[in-house]
Amino acid sequence: MDEAAQRSRLLSGFAETIAQAKERAAQKTHETKIEAINFNFFYGSFQALRNINIRIPSNQVTAIIGPSGCGKSTFLRAINRMHDRTPGARGEGQLMLDGANIYGDLDPVKLRRRVGMVFQRPNPFVKSIYENVAYGLRIQGVRDKRTLDEKVEMALRRAALWDEVKDRLHKASGTALSGGQQQRLCIARAIAVEPEVILMDEPCSALDPIATMKIEDLIHELSDSFTIVIVTHNMQQAMRVSDMTAFMLMDRETRAGELIEFAATDEIFTNPKDRRTEDYVTGRFG
Ligand SMILES: Nc1ncnc2c1ncn2[C@@H]1O[C@H](COP(=O)(O)OP(=O)(O)OP(=O)(O)O)[C@@H](O)[C@H]1O
Ligand SMILES: [Mg+2]
């Protein structure tokens, strides 16, 4: 084959790869994991969320930003029915996971198995590191020691904590770790049961910059396998970790939280459509 023919063959091969990558990207963006349609949320007579419409894509990181009190945590918690035990708290309208209504068809226990949560303050149990991670697996009925060992190790490795704790899995309590390690332990605990979605409510706000960086790296890696929704007050963090960003704001009169804009993260930060988004991301508001 002469050089020109070879080059054109190479190029067409290359073009195919690009086309495939584009197709994959397109598929990735279009697959919806969580969808809200006219979703409202109330605490008694107070409406905390009004008419939320959003499609959160599968296997991507979606950041939720907005001023304090605009309903970010309320929305996040609604996704795994964390409000069930709050008297008077109720959702209305549709909030769906893979097309099934979270407040209708889905059993809350099964739902929480599919949707894990990581909180602002690391909350490890007063149990060994191993038992912290094995906790959910034991609840699921996993008894076999080898299976438990394997799954605990895998979760700790994926949470980038294994090397730091492998020598004291049974000796040290989860609460004896540093704040950043505790947060990675909580992430390991969440992913050990292989959920589909991980919700994170300001997971780094109690951590120093280095521990924060480790969690952010981790979020990147985990988004290959999980759909991640993260609430953050840190604009740089939203830019660094997320593919999509949702901006919420509280209505001045009714005080109900609304979704103002939802788009690819670079759109939200470089070319927002709504003036209020622009004011917020440029620091002129809030
Ligand atoms: N358990 C509750 N009972 C009654 N009202 C509540 C409850 N939790 C939250 N709210 C109210 O709902 C609104 C939204 O609160 P939410 O915690 O979702 O805001 P947020 O955006 O997460 O704020 P922050 O950035 O400060 O964490 C607020 O007005 C808050 O006072
Ligand atoms: Mg909150």
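Tabulated results
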quantity	calculated
Residue count for the stretch 190-218, restricted to those that are over 18 Å from M154 (Cβ atoms) and touching a residue at least 60 places away in the same chain (Cβ under 8 Å)	8
Residue match in the stretch 69-89 (condition: part of a helix (DSSP H, G or I) and touching a Lys or Arg at 6+ places or on another chain (Cβ under 8 Å))	yes
Candidate set: the stretch 75-88, residues that are within 15 Å of ligand 2 (Cβ to nearest atom) and farther than 24 Å from L222 by Cα; chosen: the one surrounded by the fewest Cβ atoms within 10 Å (Cβ to Cβ)	T86
The one condition in (1) in a loop (DSSP other than H, G, I, E, B); (2) buried (at least 24 other Cβ atoms within 10 Å of the Cβ) that R252 fails to fulfil	(2)
Neighbours by Cβ (under 6 Å, 6+ apart or cross-chain): first from the stretch 49-60, closer than 13 Å to L97 by Cβ and part of a strand (DSSP E or B); second within 16 Å of ligand 1 (Cβ to nearest atom) and hydroxyl-bearing (S, T, Y)	I56/T62
Members of the stretch 45-57 found to be surrounded by fewer than 21 Cβ atoms within 10 Å (Cβ to Cβ), touching a Lys or Arg at 6+ places or on another chain (Cβ under 9 Å) and over 11 Å from M244 (Cα atoms), listed by number	F46, Q47
Only one of V197, V231 that is within 16 Å of ligand 1 (Cβ to nearest atom) and at pLDDT 95 or above	V231
Test: residue in the stretch 67-77 that is modelled with pLDDT under 95, under 16 Å from the mean Cα position of the chain (by Cα) and not charged (D, E, K, R)	no
Subset of the stretch 202-249 (residues that are more than 19 Å from V281 (Cβ to Cβ), over 13 Å from the mean Cα position of the chain (by Cα) and in a helix (DSSP H, G or I))	P209, I210, A211, T212, M213, K214, D217
Residue list for the stretch 65-120, restricted to those being of a type in the set (A, V, I, L, M, F, W, C) and within 8 Å of ligand 1 (Cβ to nearest atom)	C70, F75, L76, A89
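The values are calculated or read from the model by the stated rules, or taken from the named source; none is laboratory data. Here the structure is a predicted model, which is why all the values come from computation and not from measurement. Cβ coordinates were reconstructed from backbone atoms using ideal geometry, including for glycine residues, and neighbour counts include every protein chain displayed.
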